[in-house]
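Below: one structure, written as structure tokens.
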Amino acid sequence: MATKTTPADTTADQPTADQPTADQPTADQPVERRHRRQQKLGKVVSDKMQKTIVVAVESLKRDRIYKRTYKYTNKFKAHDEHNSARIGDVVRIEETRPLSKEKRWRLVEIVQRAVQVIPVEKAVQQLDPHLGADTEADEER
């Protein structure tokens, strides 16, 4: 005689659509999130390299013995894919995998653009080309 299997026996071995597996979290279980990457806010001090910027991040530190607070600066090389950051910009950078020997950060966003100032000689030349030529002739004498 063949034995009959009951529905309770089959559901014990295999999870149904209603029951979550060990891989799937339920609504009341917290979802395990990936470790958040560290972000820093700093000022661009150099953009001379291709697709790389140097960002100075200022921090406050307190002396252990004298309890005096002082400011110190760390410089980080960050990857700027589109060469969009300029000197003086305030930017947000984020940790990433090593991209080169010293580059372990990438540009996330430009928080505030720096005011770009043109040299006085260029401004004078744009306003009055003859005036700019006179000052150069005076310097040669």
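Modelled spin labels at M49 and L127, positioned 7 Å past Cα toward Cβ, are 4.0 nm from each other. From least to most packed, judged by other beta carbons within 10 angstrom and beginning with the fewest, R113, R68 follow the order R68, R113. Residues H79, H130, ranked from the fewest to the most other C-beta atoms within 10 Å, line up as H130, H79. Annotation for S84 and A114: the two label points, set 7 Å from Cα along the Cα-Cβ direction, are 1.8 nm apart.
Inverting the pair-averaged 1/r between distinct Cα atoms of region 39-112 gives 12.8 Å as its Kirkwood hydrodynamic radius. Cβ-Cβ distance of L41 and Y66, R₀ of 22 Å, FRET efficiency by 1/(1 + (r/R0)^6): the value works out to about 0.20.
FYI, it's all coordinate maths here, none of it is from the lab. As the structure is a prediction and not an experimental result, all values here were calculated from the model. Neighbour counts are summed over all protein chains in view; Cβ atoms, including those assigned to glycine, are modelled from backbone coordinates with ideal geometry.
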